[in-house]
Amino acid sequence: MKLPNNISDFGVIRQENYLYIDKTKYIEELEKAGRYLFFIRPRRFGKSLFLSTLEHYYDLKSSQEFERLFNGLYIGKNPTELKNRYFILKLNFSGLDTINQDGLRESFEGRFLSMLITFFEYYHEYFPKAEEIIQELKESNITRQFGIFFGEVAKTKHKVYLIIDEYDHFANDIIAMGDDKYYRDTVRASSFVRDFYENIKIGTQGIIDRIFMTGIAPIMLDDLTSGFNITSNVTMDSFFNEMLGFTEEEVSEIIEQVEFDFRDLKMKNLEDQLRDYYNGYLFNEDCDKRVYNPDMILYFFQYFLRHKKPPKELISENVKTDYSRLKRLTFNQKNREILENIIKDEGITASIVSKFSFDMMYDQKYFVSLLFYMGLLTIDKKIRTRLFLKIPNLIIKTIFWEYFDQILRERYQLILNVEKLSEAIEAMAYEGEIELYLDFISENVLSVLSNRDLISFDEKYLKLILSTYLNLVEIYKCISEAEVENGYIDIFLEKDIRFQDVKYEWIWELKYLKKSEANKLEEVKEKGLAQLKRYASSNRFKFKKNLKQALIIFIGKDTYEVVLS
């Protein structure tokens, strides 16, 4: 059984014996949910493969292949009345030219024309004059093209299932530029994008029977509402929480089907490690199953199959590139402050907004909602009428830590000697010596903090700085607020999946005192050592060898005391 990493064609996966995790039961649920549906998930979350599954299921030309493609799957055993009933018109608006408005309009209209031509070429046997139709389309503007399309389909006995992938891709690029005029001129008023969706709405009066739209954010919904107010947003519907991504059971199924041999890793807790790195997404607070990012976990498995060891980089370059947008989203001071607080507190209490426009990006609840839709935050738990949104997993924390490092470097013109930093962390890992790392942070980072920073400096801020620079070297898996029976450990430094020869693992309890509070040192020390003792006695560490404990107390920014036990 082969892994389908970066393959999003359902037909190829089924015909060439790639592994397929059966998500077809959701086809039945989607039909119950409505005719015109809007559904969003973060990038690299399996949207394109699911759309390809819908395409093969509903395409009237695929009826002869139905048994071969869907044999053994849920929907193959329980087909609905709508199987193989429709013409499929599939549109994808990723990769458009967004350099300027004229270029965007030209590439948008070019993409639509290209998809129409593909449609008539593919279904040519239903359209005897397909070549003439295509020629007429090439000579017409977009409104006329819709008219030709609707008129020709109306001559047949069939209707259209419209699939729109990456509906918001170009809008997100514009938002990242921070150009509100460009966005308004493109999406609102009498813009070509608004006209496009108004034409689709007209088509639902007789030609377009069903619509399924996907993207990564509801950023355009509010601006399109009056011209396109027909879709039902099922993004956070509990029925579809696990429609994309892999559950714990599905990851175990992958391991079983592909017959991995992880013995060379000398790890008994591989699935625990993978859960920390890649799992954690929840899209409805009433659901109890979290899902893995499928691109991330398949990337790991694919690399391991080829090389018999974990990948050097635990996040693929594709995903890293997608999340590099994070910095571009903080184009104003208010959003930067919100983001820094999220990183420090490892989450935020908020309400998720179902639709919003560009103008609202300066408001906290809309900005936080965008981070949720992008997959940078996810639902942790419900707190009365609001939700606590947390950072989903270690991979996303790594992205936040890298962002925070960039902010500190720019704010204070930090120039760090990464070689010295690596030596300091290696000393912890292989010799059990912690002072080199604490000295490095104290001298190179804490010493340059401004008085403004020190006003709000606390244990959380200290933990953030220590975690950020531990992550730069990636010898350890740095887990903050690790839960054990006896509380929450400030920082647990566990062996990284790639460095199993590391000798020492660490439990850190952090304390911070202002200079004026130095007289409390002994009291704080006693309390901290008692906490460490409780944590170390937890079942999680019962079979750990060479587990070191450190109470780290900073007094101001330039003095610290460490007690090892």
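Could you look through segment 487-498, keep only residues that are surrounded by 15 or more Cβ atoms within 10 Å (Cβ to Cβ) and touching a residue at least 24 places away in the same chain (Cβ under 8 Å), and pick out the one that is nearest to ASN471 (Cα to Cα)? Write out each step before concluding.
Initially, segment 487-498 is screened for residues surrounded by 15 or more Cβ atoms within 10 Å (Cβ to Cβ), giving 489-498.
Now restrict to residues that are touching a residue at least 24 places away in the same chain (Cβ under 8 Å): 489-491, 493, 497-498.
Working: ILE489: 17, ASP490: 15, ILE491: 12, LEU493: 10, ILE497: 14, ARG498: 14 Å.
My answer is LEU493.
The set of residues in segment 346-397 being assigned to a helix (DSSP H, G or I), farther than 25 Å from THR231 by Cα and open to solvent by 20 Å² or more (accessible area, probe 1.4 Å) consists of TYR362, GLN364, LYS397. Taken over segment 33-83, the criterion of being over 30 Å from SER316 (Cα atoms), open to solvent by less than 20 Å² (accessible area, probe 1.4 Å) and among the polar types (S, T, N, Q) is satisfied by SER62 alone.
Here is a check on your reading of the model: is MET360 more than 23 Å from ILE465 (Cβ to Cβ), out of contact with any His (no Cβ under 8 Å at 6 or more places or on another chain) and at pLDDT 85 or above? It would help to see each step written out before you state the result.
Numbers: more than 23 Å from ILE465 (Cβ to Cβ): yes; out of contact with any His (no Cβ under 8 Å at 6 or more places or on another chain): yes; at pLDDT 85 or above: no.
No.
Just one residue in the set GLN406, GLN413 is under 25 Å from the mean Cα position of the chain (by Cα), of a type in the set (S, T, N, Q) and open to solvent by 30 Å² or more (accessible area, probe 1.4 Å); that residue is GLN406. Consider segment 277-310 and keep the residues that are over 21 Å from ILE21 (Cα atoms) and modelled with pLDDT of 90 or more. The one that is most open to solvent (accessible area, probe 1.4 Å) is ASP286.
Against the condition among the polar types (S, T, N, Q) and in contact (Cβ under 8 Å) with a residue 40 or more places away in the chain, how does THR98 come out, does it pass? Lay out the reasoning, then the answer.
Working: among the polar types (S, T, N, Q): yes; in contact (Cβ under 8 Å) with a residue 40 or more places away in the chain: yes.
In short, yes.
Looking only at residues in segment 511-557 that are part of a loop (DSSP other than H, G, I, E, B) and under 23 Å from SER447 (Cβ atoms), the one that is least open to solvent (accessible area, probe 1.4 Å) is GLY556.
For segment 91-133, the set of residues classified as farther than 18 Å from PHE196 by Cα, open to solvent by less than 50 Å² (accessible area, probe 1.4 Å) and not hydroxyl-bearing (Ser, Thr, Tyr) consists of PHE120, PHE127, ALA130, ILE133, listed by residue number.
With the condition kept exactly as written, say whether any residue in segment 137-145 is closer than 24 Å to GLY215 by Cβ, open to solvent by less than 60 Å² (accessible area, probe 1.4 Å) and not in a loop (DSSP other than H, G, I, E, B).
Taking segment 137-145 and keeping what is closer than 24 Å to GLY215 by Cβ, we get 142-143, 145.
Applying the additional criterion that residues be open to solvent by less than 60 Å² (accessible area, probe 1.4 Å) yields 142, 145.
In the following step, the residues that additionally are not in a loop (DSSP other than H, G, I, E, B) were identified as 142, 145.
Yes, segment 137-145 contains at least one residue that is closer than 24 Å to GLY215 by Cβ, open to solvent by less than 60 Å² (accessible area, probe 1.4 Å) and not in a loop (DSSP other than H, G, I, E, B).
Okay, residues lined up against (1) among the charged types (D, E, K, R); (2) modelled with pLDDT under 90:
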site: GLN101; (1), (2): no, yes
site: GLU109; (1), (2): yes, no
site: PHE120; (1), (2): no, no
site: GLU125; (1), (2): yes, no
site: ILE134; (1), (2): no, no
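The values are calculated or read from the model by the stated rules, or taken from the named source; none is laboratory data. Everything quoted here is computed from the prediction, not taken from an experiment. Cβ coordinates were reconstructed from backbone atoms using ideal geometry, including for glycine residues, and neighbour counts include every protein chain displayed. The protein model used for the area step is the full one, side chains on, heavy atoms only, and it has no ligands, DNA or RNA in it. Shrake-Rupley method; radii C 1.70, N 1.55, O 1.52, S 1.80 Å.
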